[in-house]
Amino acid sequence: MKNNTAGGSKALTVAENILKGIPAKRKNLIFFLHQVQNQLGYFPEEVVLKTARHFSVSPAEIFSILTFYSAFKLDQSCAHHIKVCQGTACHVRGSEAIMKEFSRLLGIEPGGYDRRKGIALEAVNCLGCCAIGPVVVVDGHYHARVHLKEVEEIVAGLMTGEKSNGTCKI
């Protein structure tokens, strides 16, 4: 992981501000990690180290959590990150076809990244929202019960620079 000194102080300030409102109990760790992900979009090394000290856990434990859950990113490598759930419930509702359509429209294989477009496409095992599948997450915004036509709309929005505003339509 690279240490970004210019962005590091900003990232640390964001993390410290979040930590002010969270008791240093281990049960609050995941909540804190989600807060940082929402505000920064990734976890720089200095934030991981600060987190470990605050919650009295090892940096290795923090890294294991960040790499286990697909909701967290360790770098800010792309402008847009698309995750297509491939869990059982989403799969039986057509997530494989949705993934193929994203791949076709973007020209990116699952697990790939197009540096020119600034888009990463990722298949994830389960996003934990089986009742509203198939689920696609674009830049942290959840799109529920996605159909092939919606894939075109999502891609068109990304290409025009539109911010994704996915919702859980239940």
Difference of contour (0.36 nm per residue) and Cα-Cα distance, R53 to L148: 29.7 nm
V14 versus H34: modelled label distance in nm, points set 7 Å from Cα along the beta carbon direction: 1.8 nm
Stretch gain in nm, segment R26-Y113, where the contour uses 0.36 nm per residue and the Cα spacing is subtracted: 27.9 nm
Residue by residue through region 56-67, which ³J(HN,Hα) values in whole Hz follow from phi under the Karplus form 6.51 cos²θ - 1.76 cosθ + 1.60 (θ = phi - 60°), with glycine and proline marked x? 6, 10, 7, x, 4, 5, 4, 4, 5, 5, 5, 8
Only helical DSSP H runs with n ≥ 4 go in: add -39500 (n - 2.57) per run for the chain, normalise by residue count and round the 222 nm mean residue ellipticity to 500 deg cm²/dmol. -14000 deg cm²/dmol
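No value in this document is a laboratory result; all are computed from the given coordinates. Note that the structure is predicted; figures quoted are calculated from it, not measured. With ideal geometry, Cβ positions are generated from the backbone for all residues, glycine too; neighbour counts draw on all protein chains shown.
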